Amino acid sequence: MADKKYIRMKKWMRYAVPVLLSLLVGFVASLFQRTALVEWYPGLVKSSLTPPAVVFPIVWTVLYVLMGISLGRIWGRGSRSAVRDWIAQLVLNFSWCVVFFYFREMLGGVIVILLLDVIVLDYIVLTSKRDKWAMWCFVPYLVWLLLASYLNVFIYLNNF
């Protein structure tokens, strides 16, 4: 009986840790955005495809949860490359917030987000061979990133 509880707890932790890590990284990144979201970002020329401000925290919360679930599904299953990609995408995700909002470097933001697109696509390819659910958890993230990439490029090109 105790063994079953331990196994359930271990399985639950395999998901909880990456979900909480993703949410924590997202929260910390949001702290780097606060000033820019008030002082700088509203004055930029933005695409008509830019979602309303209220959408961003909702979408990012869902995406961070899905990211964590995805890692939980592949953790410990011998896919070191996918785990490395997962870590790299989280670092790049955080870095983009700092580069674009904190340092207000639009071109730097373009470079970081394009690297992020590549890593996320690679993660999707790697996980598609091991766990379709892990892969599908990242597809909405890639779609959102592609929109964000377009928006970042648009801002860069229209705000010299």
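Between the exposed loop cleavage positions of the chain, defined as trypsin sites (Lys or Arg not before Pro) in a non-H, G, I, E, B DSSP state with at most 16 neighbouring beta-carbon atoms within 10 angstrom, the longest gap is 1-45.
Residue by residue, the range 99-113 carries 3J(HN,Hα) couplings of 5, 6, 8, 6, 8, 6, 9, 5, 5, x, x, 4, 4, 5, 5 Hz when phi is fed to the Karplus relation 6.51 cos²θ - 1.76 cosθ + 1.60 (θ = phi - 60°); x denotes Gly or Pro. With everything on Cα atoms, drop me the angle between helix 55-74 and the longest principal axis of the chain, reported from 0 to 90° to the nearest 10. Approximately 30 degrees, to the nearest ten.
Of the listed values (1) -0.47, -0.89, -1.18; (2) -0.42, -0.92, -1.31; (3) -0.46, -0.99, -1.36, grab the one calculated as log10 I(q)/I(0) by the Debye sum over Cα atoms at q = 0.11, 0.16, 0.19 Å⁻¹ from the structure here. Among (1) -0.47, -0.89, -1.18; (2) -0.42, -0.92, -1.31; (3) -0.46, -0.99, -1.36, the one derived from this structure is (1). Ranking TRP12, TRP133, VAL55 by Cα position along the charge dipole of the chain, where only Lys, Arg, Asp and Glu carry charges on their C-beta atoms, puts TRP12 farthest toward the positive end. FRET efficiency for the ALA53 to LYS10 pair, using the beta carbon distance and R₀ = 41 Å, is estimated at 0.55. When only Cα pairs below 8 angstrom with a gap of at least 6 residues are kept, the chain shows a relative contact order of 31 percent.
In the chain, the longest principal axis of the Cα atoms and the axis of helix 132-158 are about 10 degrees apart. For the chain, the carbon plus sulfur part of the accessible surface works out to 72%, probe radius 1.4 Å. Would you count, across the chain, every pair of lysines whose alpha carbons are under 25 angstrom apart, provided the pair is eight or more residues apart or spans two chains? Count of close lysine pairs: 4.
With each label modelled as a point 7 angstrom along the Cα→C-beta vector, the ARG84-TYR102 pair spans 2.6 nm.
Charge tally for VAL83 (other residues, Cβ to Cβ under 13 Å; Lys, Arg +1; Asp, Glu -1): +3. For the range 87-121, applying the loop criterion from DSSP together with a ceiling of 14 other beta carbons within 10 Å to the chymotrypsin sites (Phe, Trp or Tyr not before Pro) yields PHE103.
Nearest 10 degrees is fine. How inclined is helix 2-39 to the longest principal axis of the chain, computing both from alpha carbons? Compared with the principal axis, the helix lies near 10 degrees.
The values are calculated or read from the model by the stated rules, or taken from the named source; none is laboratory data. Not measured: the values here are computed from a predicted model. Note: ideal-geometry Cβ built from the backbone for every residue, glycine included; neighbour counts use all protein chains shown. When the accessible area is computed, the model is the full protein with side chains, heavy atoms only, and any ligands, DNA or RNA have been set aside. Shrake-Rupley method; radii C 1.70, N 1.55, O 1.52, S 1.80 Å.
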